[in-house]
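**Student:** My questions will all concern the structure given below.
The values are calculated or read from the model by the stated rules, or taken from the named source; none is laboratory data. Remember, it's a predicted structure, so these values are computed and weren't measured experimentally. A quick note on method: Cβ atoms are made from the backbone with ideal geometry, for glycine too, and the neighbour counts reach across all protein chains shown.
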Amino acid sequence: MRKLSLVAVLALASACVPTTDAQVTKARAPDPAGTETAAPALAFAANPAFAMAPAAVTRSNATVVRDFMELGFAMESGRVLPVFSRFEGTVTIAMTGDIPASAPADLARLIQRLRAEAGIDVRPATAGETASITVHFGPRSELRRLAPTAACFVVPNVSSVADYKARRGTAAVDWANVVQRQHVGIFVPSDASPQEVRDCLNEETAQAMGPLNDLYRLPDSVFNDDNFHSVLTPYDMLILRTYYAPELRSGMSADQVAARLPGIVARLNPGGAGMGGMDTSATPKSWKTAIETALGAGGGQGARRAAADRALMIARAQGWTDGRLAFSHFAVARLYVGSDRPRAVEEFSRAAEIYRRLPGAQIHVAHIEMQLAAIAVANAEPQKALAFADRAIPVVRAAQNYALLATVQLIKAEALDMLGRSAEAQALRVDSQQWARYGFGSDAQVRARTREIAALGAQGSRG
């Protein structure tokens, strides 16, 4: 995720292209806006939106089986994995390095969820115990030298930066050579915002334990390069619960796993037996490349717009009606906000219409409604902005995306000011600060986001 233009304040960047060594990564987050230290994070209670028990998944079991095979036997780069691998026995997790203040509580909540929802025997490592998974926190500048395009990444058979440097480029850190997972290192920037740290813990721990692949066609999963979801979803927990089903074991071939999967998934997700299937067609590399170009950091605005238009053309030619078509519309909208606002609104609206039909895509709609609320403020349409913001806020809060929550609240505050409701606006700005500090990290970034949203209000007031 990178810093974006004024109106597209929290649109999502595309996934990075994995490096040869850091094969499993999470897309890079924005550079810090200043050099101030991170503001202290609040201790957030467990969110009731994520029940501490296995949740039903609104997807046919046949589709889950297909998803599992693609997630479990391939990597983000497209490389095929020859065998199924996982940890056997108790999984232990330790943290090392410059551990951020917010990380222990967020990891504890994640472990609790993995135990309750995914049924995995996982616990914190005890003092002096060699951990199955070691989360190492180091300066962002140091980690970028190891994986320049990644926010965080996971590597087999290492537990420290020194380990990784010593084994980099060898067969030891190639996931394709792993038969049974013994030790895995997760590398997270210590100077990231608390929310980015939490998001890295969620996605990279899940990949250290389970799937090494991401699929753009999954709307309700962190195993998706669109990066809309911040924390593990019920679908992700089903995939992880399946990973650790007693019928499976490390070293199985794809055929052996495929033979057992239908029975496992039917047992774990009985409600999926009568559901209709979803589009599981392959995503061509040409579309992925177009999306990466459109939402990447390089290239001029014209080239990026052309890439977004090309992605939409490919999506239509493929006959997609799922999240890949929606994300294509989203990418086009993002890139036309500054030059063709009516088209941006039209493309955002088309994306939202598709996402509303997909399971688990409420957060996608909320992202879009944040964008539309920002545009409405800039267009001096405060009532419309309030409607968008009021629909988005409960969804964003439930999804635990506190950076987005603060942003939507600030946009709503500008709309309230336009309507002469200044006391309400100021109260909302005060409330947004706690979420902003967790979501953005430094006071400098919080102030920068507040100024950006205020500039939208000023633009709308000028007419």
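**Student:** Report yes if Ala290 is out of contact with any Gly (no Cβ under 7 Å at 6 or more places or on another chain) and within 30 Å of Arg310 (Cα to Cα), otherwise no.
**Tutor:** Details: out of contact with any Gly (no Cβ under 7 Å at 6 or more places or on another chain): yes; within 30 Å of Arg310 (Cα to Cα): yes.
Against the criterion (out of contact with any Gly (no Cβ under 7 Å at 6 or more places or on another chain) and within 30 Å of Arg310 (Cα to Cα)), Ala290 qualifies.
**Student:** Can you tell me how many residues within the stretch 238-263 are closer than 18 Å to Ala206 by Cα and in a helix (DSSP H, G or I)?
**Tutor:** Of the residues in the stretch 238-263, 6 are closer than 18 Å to Ala206 by Cα and in a helix (DSSP H, G or I).
**Student:** Same structure, new question: Could you list, in sequence order, the residues of the stretch 134-147 that are in a loop (DSSP other than H, G, I, E, B) and under 19 Å from Trp175 (Cα atoms)?
**Tutor:** Listed by number, the list holds a single entry, Ala147.
**Student:** Would you check which residues across the stretch 89-133 are more than 18 Å from Val161 (Cβ to Cβ), among the small types (Gly, Ala, Ser) and modelled with pLDDT of 95 or more and list them?
**Tutor:** Of everything in the stretch 89-133, those that are more than 18 Å from Val161 (Cβ to Cβ), among the small types (Gly, Ala, Ser) and modelled with pLDDT of 95 or more turn out to be Gly89, Ala101, Ser102, Ala105, Ala108, Ala116, Ala118, Gly119, Ala125, Ser132.
**Student:** Do we have any residue at all in the stretch 315-326 that's surrounded by 14 or more Cβ atoms within 10 Å (Cβ to Cβ), hydroxyl-bearing (Ser, Thr, Tyr) and over 16 Å from Val64 (Cβ atoms)? Break it down into steps so the answer makes sense when it comes.
**Tutor:** Step one: of the stretch 315-326, the residues surrounded by 14 or more Cβ atoms within 10 Å (Cβ to Cβ) are 315, 318, 320-326.
Checking the rest, the ones that are also hydroxyl-bearing (Ser, Thr, Tyr) come to 321.
Keeping just the survivors that are over 16 Å from Val64 (Cβ atoms) gives 321.
Yes, there is a match, as at least one residue in the stretch 315-326 is surrounded by 14 or more Cβ atoms within 10 Å (Cβ to Cβ), hydroxyl-bearing (Ser, Thr, Tyr) and over 16 Å from Val64 (Cβ atoms).
**Student:** Residues that are over 18 Å from Thr134 (Cα atoms), in the same structural domain as Thr134 (by TED's automatic domain parsing), of a type in the set (Gly, Ala, Ser) and in a loop (DSSP other than H, G, I, E, B): does the stretch 196-219 have at least one?
**Tutor:** Within the stretch 196-219 (the criterion being over 18 Å from Thr134 (Cα atoms), in the same structural domain as Thr134 (by TED's automatic domain parsing), of a type in the set (Gly, Ala, Ser) and in a loop (DSSP other than H, G, I, E, B)), the answer is no, since none of the residues qualifies.
**Student:** Further, regarding this structure: Residues of the stretch 433-463 being within 17 Å of Ser102 (Cβ to Cβ) and part of a loop (DSSP other than H, G, I, E, B), which ones? Quick ask: steps written out before the conclusion?
**Tutor:** Within the stretch 433-463, the subset within 17 Å of Ser102 (Cβ to Cβ) is 433-443, 445-446.
Hit for the stretch 433-463 is Gly441, nothing else.
**Student:** Pairs please, first residue from the stretch 167-185 and in the same structural domain as Met252 (by TED's automatic domain parsing), second anywhere and outside any loop (DSSP other than H, G, I, E, B) and among the polar types (S, T, N, Q), Cβ atoms under 7 Å, 6+ apart in sequence or on different chains.
**Tutor:** Correct list of pairs: Ala171/Asn177; Gly185/Thr134.
**Student:** Taking only pairs six or more apart or across chains, which ones have beta-carbon atoms under 8 Å, a first residue in the stretch 125-136 that is without any contact (Cβ under 8 Å) to a residue 40 or more places away in the chain, and a second residue that is of a type in the set (Val, Ile, Thr)?
**Tutor:** That search, which allows pairs on different chains as well, returns Ala125/Thr92; Ala125/Ile93; Thr126/Thr92; Glu129/Thr92.
**Student:** Of the conditions (1) crowded, with 18+ Cβ neighbours inside 10 Å; (2) touching a residue at least 60 places away in the same chain (Cβ under 8 Å); (3) touching a strand residue (DSSP E or B) at 6+ places or on another chain (Cβ under 8 Å), Asp98 fails just one. Which one is it?
**Tutor:** Answer for Asp98: the failing condition is (1).
**Student:** In the stretch 79-93, how many residues are over 24 Å from Asp106 (Cβ atoms) and either without any contact (Cβ under 8 Å) to a residue 12 or more places away in the chain or outside any loop (DSSP other than H, G, I, E, B) (or both)?
**Tutor:** 1
**Student:** Would you check if Thr58 is surrounded by fewer than 21 Cβ atoms within 10 Å (Cβ to Cβ) and at pLDDT 60 or above?
**Tutor:** yes
**Student:** Check whether at least one residue in the stretch 249-256 is crowded, with 17+ Cβ neighbours inside 10 Å and farther than 24 Å from Arg356 by Cα, and report yes or no.
**Tutor:** Initial filter on the stretch 249-256 (crowded, with 17+ Cβ neighbours inside 10 Å): 252.
From the residues that got through so far, the ones that are farther than 24 Å from Arg356 by Cα too are 252.
Yes, the stretch 249-256 contains a residue that is crowded, with 17+ Cβ neighbours inside 10 Å and farther than 24 Å from Arg356 by Cα.
**Student:** I've got another one for you. For the stretch 331-379, name all the residues that are at pLDDT 95 or above and not in a helix (DSSP H, G or I).
**Tutor:** Within the stretch 331-379, Arg356 is the sole residue that qualifies.
**Student:** Of everything in the stretch 132-161 that's in contact with a helix residue (DSSP H, G or I) (Cβ under 8 Å, 6 or more places away or on another chain) and among the small types (Gly, Ala, Ser), which residue is farthest from Pro104 (Cα to Cα)?
**Tutor:** Taking the candidates together, the pick is Ala150.
**Student:** Please specify each residue of the stretch 116-133 satisfying the condition of being more than 21 Å from the chain's Cα centre (by Cα) and part of a strand (DSSP E or B).
**Tutor:** If the condition is that a residue be more than 21 Å from the chain's Cα centre (by Cα) and part of a strand (DSSP E or B), then Val122, Arg123, Pro124 are the ones that fit.
**Student:** Now, a different point. Give the number of residues within the stretch 294-306 that are surrounded by 13 or more Cβ atoms within 10 Å (Cβ to Cβ) and in contact (Cβ under 8 Å) with a residue 24 or more places away in the chain.
**Tutor:** The total comes to 5.
**Student:** While we're here: Can you tell me which residues in the stretch 277-335 are over 25 Å from Val365 (Cβ atoms) and either outside the structural domain of Ile375 (by TED's automatic domain parsing) or within 23 Å of the chain's Cα centre (by Cα) (or both)?
**Tutor:** Answer for the stretch 277-335, where residues must be over 25 Å from Val365 (Cβ atoms) and either outside the structural domain of Ile375 (by TED's automatic domain parsing) or within 23 Å of the chain's Cα centre (by Cα) (or both): Ala282, Pro284, Lys285, Ser286, Thr289, Thr293, Ala297, Gly298.
**Student:** Hey, among Val396, Val430, which residue is part of a helix (DSSP H, G or I), among the β-branched types (Val, Ile, Thr) and surrounded by 24 or more Cβ atoms within 10 Å (Cβ to Cβ)?
**Tutor:** Of the residues listed, the single one that is part of a helix (DSSP H, G or I), among the β-branched types (Val, Ile, Thr) and surrounded by 24 or more Cβ atoms within 10 Å (Cβ to Cβ) is Val396.
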